[in-house]
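> If you scroll down you'll find the structure; I have some questions about it.
The values are calculated or read from the model by the stated rules, or taken from the named source; none is laboratory data. Just so you know, these numbers come straight off a predicted model, no measurement behind them. Note: ideal-geometry Cβ built from the backbone for every residue, glycine included; neighbour counts use all protein chains shown. SASA here: full protein model, heavy atoms, side chains in, ligands and nucleic acids out. Shrake-Rupley method; radii C 1.70, N 1.55, O 1.52, S 1.80 Å.
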Amino acid sequence: MKKRPVTTLFMLSSVDGKISTGNSDLLDADSDYPAMDGVKEGLHQYYEIEQTTDLWSLNSGLVQAKLGVNQKEYPDKTPVSFVVIDNKNLTDHGVSYFCRRAKTFVLVTTNTQHPAFSVQEDNLHIICQKKLDLRAVLEELYAAYHCERITIQTGGMLNGLFLQEKLFDCIDIVVAPVLIGGKDTATLIDGASITKREELGLLGVLKLVRCEVLEDSYLRLRYEVAG
């Protein structure tokens, strides 16, 4: 088996496992939590921990578009390398935004007409696949870009694909003191549900490494994936 980087799913979650505040593009934890009394006070801890994660970060274009990268002013360069999986959400501005921000920027797409193909930046690399193959992406990141560890911060659907392919090694969750509810609100892991006992092997069994009680009723839960 080819080598791949060690992966860590790092997410901000509600107590009931939600990663958004509702089922609408107008709602988002990053923009909504700062306005919520009892939640906003401890939110800074998540962003402070985020600054200590791996120097490779994997994200989804959908989430990044919601965060405004297609409109934001270009940022300063950071030592972090970014991988974004995207078919239609990033514009050429969004691609350039990551090129300006990243040490190395790798766009993963199955869209041969993606705006990234028109962007000329020395640190831009494109992995174009006929069908998304996450294991192959990780193996190429390891072999071609010397990526040994990577933090994954994608949406529930992509997280679900990583789980199905058994591609999570570690889980690092910051739990905010809020219940959100809503069966259509995105969770840590979304995608198709299993329907029979023969599929129980697809689930991700975890081993608790550390539980930290943070300030303002926040928790940090760290696991290794056991199976």
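> Just how much of LEU163 is accessible, in Å², when a 1.4 Å probe is used and the result is rounded to the nearest 10?
Estimated to the nearest 10 Å², LEU163 gives 40 Å².
> Cut-off 10 angstrom, C-alpha nodes, Gaussian network model of the chain. Which of ASP190, ASP76, ASP16 fluctuates the most?
ASP76
> Something else: Just how much of ARG149 is accessible, in Å², when a 1.4 Å probe is used and the result is rounded to the nearest 10?
Only protein atoms counted, so the area is about 110 Å².
> A further question on this structure: Report the gain in length on full extension from GLN51 to LEU208: 0.36 nm times residue separation, minus Cα-Cα distance, nm rounded to one decimal.
Length gained between GLN51 and LEU208: 54.3 nm.
> Continuing with this model, one more query. Taking the chain as a Gaussian network, Cα atoms linked when under 10 Å apart, which of GLY68, GLY156, GLY17 shows the biggest mean-square fluctuation?
Between GLY68, GLY156, GLY17, it is GLY68 that shows the largest mean-square fluctuation.
> Would you mind pulling out the separation of the Cα centroids of region 53-105 and region 1-33, in Å?
16
> Also, I was wondering about something else. Whenever you get a sec, compute what percent of the accessible area on the chain sits on carbon and sulfur atoms (1.4 Å probe).
After summing per-atom areas, the C and S share lands at 52 percent.
> Here is a follow-up. Please work out the average accessible area per residue across region 138-227, using the 1.4 Å probe convention, and give it in Å².
With the other protein chains kept in place, region 138-227 gives 58 Å² per residue.
> Give the ranking of LYS166, LYS18, LYS196, LYS130 by solvent-accessible surface, highest area first, calculated with a 1.4 Å probe.
Per-residue accessible area, sorted high to low, gives LYS130, LYS196, LYS166, LYS18.
> Same structure, new question: Assigning unit charges at the beta carbon (Lys, Arg +1; Asp, Glu -1) and nothing else, what dipole magnitude in debye, to the nearest 20, does the chain show about its Cα centre?
Charge dipole, the chain, about its Cα centre: 760 debye, nearest 20.
> Follow-up question, since we're still on this one. Using 13 Å as the cut-off for backbone N distance, which residues of region 41-60 belong to the label zone defined by a point 7 Å from the Cα of HIS93 along Cα→Cβ?
Within reach of a label on HIS93: no residues.
> Right, next: Can you give the accessible area per residue of region 1-64, in Å², using a 1.4 Å probe?
Accessible area per residue, region 1-64: 50 Å².
> Size of the dipole of region 42-97 about the Cα centre, Lys and Arg at +1 and Asp and Glu at -1 on the beta carbon, nothing else charged, in debye to 20?
180
> Give me the percent relative contact order of the chain, please, defined on Cα pairs under 8 angstrom at least 6 residues apart. Mind showing how you got there, number by number?
Numbers: 441 pairs, mean separation 67.1, N = 227.
Contact order relative to length: 30 percent.
> Multiplying the sequence separation of LYS2 and ARG149 by 0.36 nm and subtracting their Cα-Cα distance, what value in nm do you get?
Fully extending the segment from LYS2 to ARG149 adds 51.4 nm.
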